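The values are calculated or read from the model by the stated rules, or taken from the named source; none is laboratory data. All values reported here derive from a predicted model rather than from experimental measurement. So basically every Cβ, Gly included, is an ideal-geometry build from the backbone, and we count neighbours across all protein chains shown. Each accessible area value is taken on the protein alone, full model and side chains, heavy atoms only, with ligands, DNA and RNA left out. Shrake-Rupley method; radii C 1.70, N 1.55, O 1.52, S 1.80 Å.
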Amino acid sequence: VLEKAGQLCSGATWHAAGLVTRFGGSPKLKKLHVRSLALLTEMHAAHDVGLHLTGSIRIIEKGHADRLLEAKHHVEMAALYDDPALPTRLIGADEVAALHPLVDISNVEAGVYTPEDGDIDPTLLTTCIARLAKSDGATIRYNAEVDTVARRDDGRFEVTLAAGAGGECLVADAVVNAAGLWSTRFSRQLGMHHPAFVIEHQYAITESIDAIAALPQGERVPVLRDLRGSSYLRQERQGLLIGPYEDAPVVKSAWREQDGPPDGWAWDLFQPDLDRLESCLLAGMELVPALGDVGFASVINGPTIWTGDSLPRCGRTDVPGCGFSREGTGRRLHARER
């Protein structure tokens, strides 16, 4: 594993909100999510990777027949792929309130409840996977920025490190592009179209909320998906974290032209801009009034990489021996040699 930085999780991983879910909008994603959370649950039991299995509720507001129909479709599809012990189901407003007492249900028609969803600490998870990989024989090289990747006539790959990393050329049978914010660079070098863009994504963390601080030790409120407000809300210590998806996100077009963030970008963030989130935050406060009773302790505005349809790009490519990991969480390139 060739890691550009001096340690893992720089770039986009360290500031990720860390949501994990069994919910999926398509059969393929649903199966991927169910299997992933099963693995994460096993890993947490063995290694404590900061996984909170709170469950999640997708909120369906009153008067939105199309959204309710979509929710019913998701529930029926989920029945085909769920863990039978953890079925996704449609719940009424009263059950929403019972599961999440901070929700104002006056405008809630129903909710899609997915049990044992939640959030995870992305740094603990990454370092745990790295530790397990090393125990199985993997090598992680830090400060090893990749300059170029090229496919040879014999089907193998030449991976050349930048001059500052020694300029070494490695030969591999297979490569996985897990470079996150920098991933378009290596796709272009291999002649592949890379339909992903770096955007600014913001989330805000509130000050302590009395009702959450009063929860029994170890008890947490479920994650909320506020479809009307285009936001997710989850517990963060004794407050809430709200992360809106903007109607018109700031796309870092210049970064795409220059194949990634500026040199030296590692633990950097953008300036917060809460004005852009006003409509989402107001909708969140209508759903969870406690959001409006406290201030925001911090606002994170960091880069993440998204495809145009928001679906993950992972798996094999049309270049034999080359594959993608889930976009948006790293700055690494993996090479395997026989």
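Could you state the orientation-averaged shadow area of the convex hull built on the Cα atoms of the chain, in nm² to one decimal?
18.1 nm²
Could you give the dipole magnitude of the chain about its Cα centre, charging the beta-carbon of Lys and Arg +1 and that of Asp and Glu -1, in debye to the nearest 20?
Working: 34 positive and 46 negative charges, 243 e Å.
Using only the charged Cβ atoms, the result is roughly 1160 debye.
Net charge near residue 49, counting Lys/Arg +1 and Asp/Glu -1 over other residues with Cβ under 12 Å of its Cβ?
Net charge around residue 49: -3.
State the percentage of accessible surface on the chain attributable to carbon and sulfur atoms; use a 1.4 Å probe and exclude ligands, DNA and RNA.
51 percent
Once the chain from residue 46 to residue 153 is taken as fully extended at 0.36 nm per residue, the excess over their C-alpha distance is 34.1 nm. Applying D = kT/(6 pi eta Rh) to the stretch 83-235, where Rh is the Kirkwood radius over alpha-carbon pairs, T corresponds to 4 °C and eta to 1.567 mPa s, the Stokes-Einstein value obtained is 63 µm²/s. Here the stretch 179-270 is assigned +1 on the Cβ of each Lys and Arg and -1 on the Cβ of each Asp and Glu. Its dipole about the Cα centre then comes out at about 320 debye. Check the straight Cα-Cα distances from residue 134 and name the lysines below 19 Å, setting aside those fewer than 8 residues away within the same chain. In chain and number order, the partners are 4. For residue 286, the accessible surface of its heavy atoms amounts to roughly 100 Å² (probe 1.4 Å, protein chains only, rounded to the nearest 10). With all pairs of different alpha carbon atoms counted, what Kirkwood hydrodynamic radius in Å does the stretch 157-238 show? So the Kirkwood estimate lands at 17.7 Å.
Ligands, DNA and RNA are left out, and with a 1.4 angstrom probe the accessible area of the chain is 48 Å² per residue.
One equal scatterer on each Cα of the stretch 104-179, no solvent, Debye formula: the resulting log10 I(q)/I(0) at q = 0.27, 0.28 Å⁻¹ is -1.24, -1.26. Rounded to the nearest 500, what is the chain's calculated 222 nm mean residue ellipticity when only DSSP H runs of at least 4 contribute -39500 (n - 2.57) each, over all residues? That comes out to -7500 deg cm²/dmol. For the stretch 121-212, chymotrypsin sites (Phe, Trp or Tyr not before Pro) meeting the loop criterion (DSSP other than H, G, I, E, B) and having at most 15 other Cβ atoms within 10 Å: 142. What percentages, rounded to whole numbers, describe P(r) for the stretch 39-115 computed over all alpha carbon pairs with 10 Å bin width beginning at zero? Result returned by the calculation: 18, 40, 29, 11, 1. Mean projected area of the Cα convex hull of the stretch 1-157, taken over all directions, amounts to 13.4 nm². Looking at 149, 187, 279, which one has the Cα that reaches farthest to the positive end of the dipole of the chain (charges on Cβ: Lys, Arg +1; Asp, Glu -1)? Towards the positive end, the residue furthest out is 149.
Computed from Cα positions, the angle between helix 122-135 and the longest principal axis of the chain comes to roughly 40 degrees.
Peptide packing for 65-76, 48-59, 262-273 was compared via the average number of neighbouring C-beta atoms within 10 Å per residue; ordered from the highest value, the list is 48-59, 65-76, 262-273. Beyond 25 Å, what percent of the Cα pairs of the stretch 187-338 remain? Roughly 43 percent, rounded to a whole number. Dividing the Cα radius of gyration of the stretch 119-158 by 2.2 N^0.38 Å, with N the residue count, gives 1.67. Inter-part distance, the stretch 55-111 to the stretch 1-30, computed on C-alpha centroids, equals 26 Å. From the alpha carbon centroid of the stretch 123-188 to that of the stretch 264-290 is 34 Å.
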